[in-house]
Each structure stands twice: as structure tokens, then as C-alpha cells.
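Readers should treat all values here as calculations from the given coordinates under stated rules, not as data from a laboratory. If you're wondering where the values come from, they're calculated on a predicted model, not measured in any experiment. Don't worry about glycine lacking a Cβ; one is built from the backbone with ideal geometry, like all the others, and counts go over all protein chains shown.
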Amino acid sequence: MTSTVIYDGDLRTVATHLQSGSTIQTDAPTDNNGKGERFSPSDLVATALGSCMLTIMGMRAREMNVDLKGTKIEIQKSMKSDPRRIGGINLTFHFPKNLNTNDKQQTILEKAAHTCPVIYSINPDIDVKVEFKWEKDFAQR
């Protein structure tokens, strides 16, 4: 088994990763009867995509002796109705200005991001947009 999920009441769950014991709590979003005080399950789907893409990039970066520490992804998830579902996920990658990469390395890293297992698991009806900003004026936001 990978994990367990327990309903904690009041539209909240607690998921436990069995190997590590770490937990994630979820809450229904405010637009769907919840308090919006934690990630919603659909937030976790969008966030998992970003985390997966950045992890795969990190693997490739390590092979090239590039340190992606401090790289940030802004993730925006949009919903559709009838039935209620994720309609779109926009990911904007922001790389630290002191990241010493050339165009070839950046291309390799961008292509690697698009090979993460989660992106292959996202329903093709979900509009996924990815933007990579190799900024010189990056600031921790």
C-alpha cells in the first residue's frame, strides 16, 4: 500500500504516506461547501503535477551539475462544471537569476519536465499550459 486516507469530518481528510508517516490534510474548497483552509483534493492534483515536473527536472539537472534550488512554480488550477472537474492547470516556472545554465541545458530541462509520470496521467481534456521563465531579475516571491 502507498497511503491511507481517513475522513476527519467537516469535509476534511487526512492522508498518511505509509513509508514515511508524513501526512497531508485536505479541505473542500469554499466554492464547494468547504472552508478552503487546506489544499483541496483537486489542488493536490495540480500541485502534484508541478512537483513531479520539478523533480524530474532536478534529476536531469543533477546529471548536468546544475542546482535548481530555489526554483519556484506558480500553479493555477481552474475548474469546470457539469460534471465538476479540473478544466485547466497553468504552471509558470521561475528560475533563480544566479542559475548558471546555457540554452542547451535549459532546453534539456524543459523537455525533461514534460516527461514526468503525472503529466502522462492527466486527462487529455484538462488544458495544461506550461511556461518557463529563465529570468535575470528573479526574486523569491
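Here is a check on your reading of the model: is Ile75 assigned to a strand (DSSP E or B) and not charged (D, E, K, R)?
Values: assigned to a strand (DSSP E or B): yes; not charged (D, E, K, R): yes.
It is true that Ile75 is assigned to a strand (DSSP E or B) and not charged (D, E, K, R).
State which residue is farthest from Cys52 (Cα to Cα) when the search covers only region 71-105 and only residues that are under 15 Å from the mean Cα position of the chain (by Cα) and loosely packed, with under 14 Cβ neighbours inside 10 Å.
Checked region 71-105; the qualifying residue farthest from Cys52 (Cα to Cα) is Ser78.
For Leu68, state whether it is hydrophobic (A, V, I, L, M, F, W, C), in a loop (DSSP other than H, G, I, E, B) and within 23 Å of Val45 (Cβ to Cβ). Write out each step before concluding.
Values: hydrophobic (A, V, I, L, M, F, W, C): yes; in a loop (DSSP other than H, G, I, E, B): yes; within 23 Å of Val45 (Cβ to Cβ): yes.
Spelling it out, Leu68 is indeed hydrophobic (A, V, I, L, M, F, W, C), in a loop (DSSP other than H, G, I, E, B) and within 23 Å of Val45 (Cβ to Cβ).
Looking at Lys133, is it exposed (fewer than 11 other Cβ atoms within 10 Å of the Cβ), more than 23 Å from Ala28 (Cα to Cα) and out of contact with any Asp or Glu (no Cβ under 9 Å at 6 or more places or on another chain)? I'd like the intermediate steps shown before the answer.
Values: exposed (fewer than 11 other Cβ atoms within 10 Å of the Cβ): no; more than 23 Å from Ala28 (Cα to Cα): yes; out of contact with any Asp or Glu (no Cβ under 9 Å at 6 or more places or on another chain): yes.
For Lys133, the condition - exposed (fewer than 11 other Cβ atoms within 10 Å of the Cβ), more than 23 Å from Ala28 (Cα to Cα) and out of contact with any Asp or Glu (no Cβ under 9 Å at 6 or more places or on another chain) - is not met.
Of the numbered conditions (1) free of Cβ contacts under 8 Å to residues at least 40 places away in the same chain; (2) under 25 Å from Val128 (Cβ atoms); (3) hydrophobic (A, V, I, L, M, F, W, C); (4) assigned to a loop (DSSP other than H, G, I, E, B), Ala15 fails exactly one; give the number of that condition.
Evaluating Ala15 over (1) free of Cβ contacts under 8 Å to residues at least 40 places away in the same chain; (2) under 25 Å from Val128 (Cβ atoms); (3) hydrophobic (A, V, I, L, M, F, W, C); (4) assigned to a loop (DSSP other than H, G, I, E, B) leaves (4) as the failure.
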